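Take a look at the structure below.
The values are calculated or read from the model by the stated rules, or taken from the named source; none is laboratory data. Worth saying up front: this structure is predicted, and the values here are computed from it rather than measured. Cβ sites come from the backbone with ideal geometry, for glycine too, and all protein chains shown count toward neighbours. Accessible surface is based on the protein model in full, side chains and every heavy atom, while ligands, DNA and RNA are left aside. Shrake-Rupley method; radii C 1.70, N 1.55, O 1.52, S 1.80 Å.
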Amino acid sequence: EAINKKAGRKLLPSIGVGLSLVGLVWFALSYQREIFAIVVAIAVILGLREIVRAFAARSIMISFNALTIAAIGLAYAAWNGGVGGLAVATAIAIPLLLIRALLQGPEGFVAKATATIFSIVYLPFLAGFLILLAIPSTGFQRVMTFMVLVGCNDTFGYIVGVLFGKHPLVPTISPKKTWEGLIGSTIFTIAGGCLAFKFIMDMHWWIGIVVGLTIVFTATCGDLIESAMKRDMSLKDMGTLLPGHGGMLDRLDSVVLSAPAMWLALELVKRFL
């Protein structure tokens, strides 16, 4: 109970949910990689439901159904058209969503338009890079390496923060996050990255250092961005779907900002090494 109180969440349910999600991704990638794209799309839709409800609590009404259709379109475009397909689908979805908001009249249009664009970019577009990671023949290795990096960042940042955390990192945004936790994230993500790139990706181990540091930065920023959203909207969690984690958005926060960084890093490695 003392650990739960200090961490701000229940430890055992959190571990159970985390392992279940890893198992689901492992199965999807091993059995049929198309299933992974469907899993990503479902996770994004669940996240969109939470963010639509959060905006509604602040009297900003945006369409969940329209965002869901757009999310499915972006996922399909990413899987079949790569990064170009994802970009074009996003460029088509944004004006269509704005036109739909316009049909509701001018009252609150700026707030609705801003929230709609934020939602489509923050979730379906950024999460589309997860699908891009899985497309090549090495998709299994790429996604699992990504999970190792993000998992090391979240898990060891959490453990080290709970055991040794005393100095808040950004107390006005996330009081539970500490400098000690960030140091733990950095050390173990670099170590996990070196091992993953050596034994899973069959690449130079030192690439794991560079990519690991990048993931620590993007994952931490993603977590802080979602924490800032919750504070601005006076919410403890974005939802209650995942025991020990909160909502789906609480699980996706570090992933959606890190996926484009991982994809870009692998593209640069492929081109220059």
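Odds and ends about this structure:
- Output for the stretch 149-159, where each listed residue is of a type in the set (Val, Ile, Thr) and without any contact (Cβ under 8 Å) to a residue 60 or more places away in the chain: Ile159
- For beta carbons closer than 8 Å, sequence separation of 6+ or different chains, a first residue in the stretch 176-197 that is in contact (Cβ under 8 Å) with a residue 40 or more places away in the chain and within 10 Å of Cys152 (Cβ to Cβ) and a second that is assigned to a helix (DSSP H, G or I) and among the aromatic types (Phe, Trp, Tyr), the qualifying pairs are Thr189/Phe156.
- Among the residues of the stretch 207-234, those identified as of a type outside the set (Lys, Arg) and open to solvent by 60 Å² or more (accessible area, probe 1.4 Å) are Val210, Leu213, Phe217, Ile225, Asp232, Ser234.
- Candidates are the residues of the stretch 184-212 that are aromatic (Phe, Trp, Tyr) and in a helix (DSSP H, G or I); the one that is nearest to Val162 (Cα to Cα) is Phe188.
- Only residues that are open to solvent by 70 Å² or more (accessible area, probe 1.4 Å), touching a residue at least 12 places away in the same chain (Cβ under 8 Å) and either in contact with a Gly (Cβ under 9 Å, 6 or more places away or on another chain) or in a helix (DSSP H, G or I) (or both) were counted across the stretch 160-173, and they come to 1.
- Evaluating Arg142 against the criteria (1) in contact with a His (Cβ under 9 Å, 6 or more places away or on another chain); (2) of a type in the set (Lys, Arg); (3) under 30 Å from Gly85 (Cβ atoms) leaves one unmet condition, (1).
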